Amino acid sequence: MKEKWDLIIKPQQKLLNLDLKEIWRYRDLLTLFVKRDIVTVYKQTVLGPVWFFVQPIMTMLVYVVVFGNVAEISTDEIPKPLFYLSGIIIWNYFSECFMQTSNTFSTNQDMFGKVYFPRLIMPLSKVVSGLIKFTIQFSLFLIVYLYFIIDGEAAISASLSLLLIPFFMLLMAGLGLGFGLIFTSMTTKYRDLQFLIQFGVQLLMYATPIIYPMSLIEGKLKMVISLNPLAHIVEAFKYSFLGRGELSFYGLAYATVFTIVVLIAGVLIFNRTERNFVDTV
Amino acid sequence: MSDIVLSVENLSKQYRIGEIGTGTLSNDIKRWWAQARGKEDPFSLVGQVNDRTKKAESDFVWALRDINFEIKQGDVLGVIGKNGAGKSTLLKLISRITAPTVGSIKAKGRIASLLEVGTGMHPEMTARENIYLNGAIMGMTKREISRKFDEIVDFAGCALYVDTPVKRYSSGMRVRLGFAVAAFLEPEILIVDEVLAVGDSEFQKKAIGKMKEVSEEGGRTVLFVSHNMVSVRNLCTSAIVLNQGQVAYTGNAENAISYYLKAEDKSHIDLIDRTDRQGNGQLLFTKIEFLNSNKEIVKQVFAGESVQVNLHYKVCEKFDASKMILVIQFLDNQEQMMAAFPSDEHGTVFNIDFENKKGVISLTIPQLLFRPNDYFIRIISFLGDTRAENQIDSVSNADKIKILNNDFFAPGRLIRNGNCALLPGNYSS
């Protein structure tokens, strides 16, 4: 008689063992984790969610002064606050996704060591709560954006590619998540990477057209920066809202393929790690 | 249809011992190279039996080796064994926290593990929010939790504080809240690890009652790991004894407990040679003797006979003898305490012979009145007060004494067998 088991635990499982059905069954947990992330950050603060605005505004002001006025880096005739702010908020989303998922194992080792749930829920929830923070910061950007549109003096024009914004966000999330999954899996064994992540993200930002427009870059340097998939997404994002920048089909196609590869690699390596990480962390 | 809900086959788990980190990269490459050629993992061949008292011979150790057992629906299986026997590793494997090295586990239905209560609870959030979060971590859906919410709050007894952040709770209340959520899980298989060790006695009773109810009425299966033989006996229908990562005994709970205690019974070793003692060692007990009413050294006495317990000691370091507290306890074969003789409450002040560095402490018991059985002696000594960190020298199972049947109360009336202390008294009507 052949018996029917609901669950079989074995040592070595298939290379890609992604149980989407199980993740779907735990969707309530995902929303609760998101809620926890958002609610607990500003408990016992007076200003509460207002703090979500403060960081991008302050960063923007610093950029306006340092890169705009002191270093006098061109912003392609776009008002400086708008130029920097657009870059900051989309970069924030990537770095939030990446930083938060890249410490999944190390920050949750206590919980992971005590109870089972599909581990992928954790990084996914970080991506979603990052999206909520992005939405709040995006509304700030919209206010500034509308101010300059109504003002009418600056040469900004939105383009039809605005419709692609959700797709750009998806790419950003995919890249952040994919890299995060790879890094968190590697750090369980090799702690060295933790140090790399800290300043790696900082450096990566300078390889992405956040504080400068792509049009400023020429020659070999442009080739190098074009290798960075984030550059194409950020440029496309800026172009959609501001009408300046590059919307390159090949660039976006490259970024898409890159994202898919990183994401698949991330999920694969994460899956392999999660089964035994408790023993090595 | 078979009603086996959990089946464990040839389960083994290997751990690396010593420092993890140095040399892992080269080992990783070797391992990867072997796998790439389709060969067996070179490191799974080595490894030694898990005996923590022996010195390591290789870098790998089998925390569990060839574990086989099955649980039927509605059974409560106890897992007992001393520290490091592999109990927690077994639970971790079954609850999918870490993967086995060899072997498989097959299960029917949902498994929920309670290796800790209140996992993932966030101190800043209210009890309400935490019940939802903790429930979801345990695998419940929002709807299930909403349905049982009032019951959970009621069981935890925290209705008044539902909207208070958990950080304001006492630690006991936090545990109750966590357990309450867990108690209303409806998995087919529930895995519980010594969580009952926390909380007050009222709550422990509640918790044990709930677990019984779950298995008896709900027909659900429970896997229970504990050091507490009393709760294992109260709760479990069958039990396995783990020793050095292997199953040493499988059977009903009662037999498993006595097997375990017999294996743990070190009373045949001379007291002076015992290494499993606690305390600072300023004074060490070297020998224990029982003297019957004729002042003969014996191993057994009749129920109700007078007994003198002689404790020989040697002094290793001078201390303030007037502050010494000695407690001699009698325990039954299920590790339940039957009687205690605390010197501080007796008002005894000891004279320790610091000149000769050795001597004898005697305890005279006018009537040692227990039901006929074997009883174990535990010696605990303290300096100053009875906190665990103030122990001088303490030994469990220091020796055992056999109580023989006797007609103590009335001529010709033998006392029934059992394990219980009796007290003299007179009925009248």
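For the reader, a short list of remarks on this structure follows.
- Any hit, the stretch A:101-121, residues being assigned to a helix (DSSP H, G or I), of a type outside the set (S, T, N, Q) and modelled with pLDDT of 90 or more: yes
- For the stretch A:97-131, a residue qualifies if it is over 14 Å from A:Ile182 (Cβ atoms), within 11 Å of the chain's Cα centre (by Cα) and aliphatic (A, V, I, L, M), and the qualifying residues are A:Val127, A:Val128, A:Leu131.
- Which numbered condition B:Ser343 fails, given (1) surrounded by 15 or more Cβ atoms within 10 Å (Cβ to Cβ); (2) free of Cβ contacts under 8 Å to residues at least 40 places away in the same chain; (3) on the phi > 0 side of the Ramachandran plot; (4) not aliphatic (A, V, I, L, M): (3)
- Within the stretch B:356-384, the set of residues being farther than 13 Å from B:Ala321 by Cα and part of a loop (DSSP other than H, G, I, E, B) comprises B:Asn356, B:Pro366, B:Gln367, B:Leu368, B:Leu369, B:Arg371, B:Pro372.
- Qualifying residue in the stretch B:204-222 (condition: in contact with a Lys or Arg (Cβ under 8 Å, 6 or more places away or on another chain), outside any helix (DSSP H, G or I) and within 17 Å of B:Ile71 (Cα to Cα)): yes
- Any pair with Cβ under 8 angstrom, 6 or more apart, that starts in the stretch A:31-43 at a residue that is more than 10 Å from every other protein chain (Cβ to nearest Cβ) and ends at one that is of a type in the set (Val, Ile, Thr) and in a helix (DSSP H, G or I): A:Val34/A:Val128; A:Val34/A:Ile132; A:Ile38/A:Ile132
- The criterion of at least 2 residues that are more than 30 Å from B:Phe69 (Cα to Cα) and more than 10 Å from chain A (Cβ to nearest Cβ) is met by the following helices (runs of 4 or more DSSP H) wholly inside the stretch B:82-187: B:127-137, B:142-156, B:171-183.
- Checking each residue in the stretch B:343-368 for being farther than 19 Å from B:Asp399 by Cβ and of a type outside the set (S, T, N, Q) picks out B:Asp344, B:Glu345, B:His346, B:Gly347, B:Val349, B:Phe350, B:Ile352, B:Asp353, B:Phe354, B:Glu355, B:Lys357, B:Pro366.
- Scanning the stretch A:200-223 for residues that are charged (D, E, K, R) and part of a helix (DSSP H, G or I) turns up A:Lys220, A:Lys222.
- Of all residues making up the stretch B:299-346, the number that are assigned to a loop (DSSP other than H, G, I, E, B) and over 24 Å from the mean Cα position of the chain (by Cα): 10
- Single residue of the stretch B:302-332 satisfying the filter (touching a Ser or Thr at 6+ places or on another chain (Cβ under 8 Å) and β-branched (Val, Ile, Thr)) that is nearest to B:Ile352 (Cα to Cα): B:Ile325
- Scan of the stretch B:223-251 for residues that are aliphatic (A, V, I, L, M) and part of a strand (DSSP E or B), ordered by number: B:Leu223, B:Val225, B:Ala239, B:Ile240, B:Val241, B:Leu242, B:Val247, B:Ala248
- Matching option when the condition is touching an Asp or Glu at 6+ places or on another chain (Cβ under 6 Å), surrounded by 15 or more Cβ atoms within 10 Å (Cβ to Cβ) and not assigned by TED's automatic domain parsing to the domain that holds B:Phe370, among B:Thr221, B:Thr250: B:Thr221
- Residue in the stretch A:257-269 that is within 14 Å of another protein chain (Cβ to nearest Cβ), farther than 30 Å from A:Ser74 by Cα and in a helix (DSSP H, G or I) present: yes
The values are calculated or read from the model by the stated rules, or taken from the named source; none is laboratory data. All values derive from a computational prediction rather than experimental measurement. Heads up, the Cβs are rebuilt from the backbone with ideal geometry, glycines too, and the neighbour counts pull from every protein chain shown.
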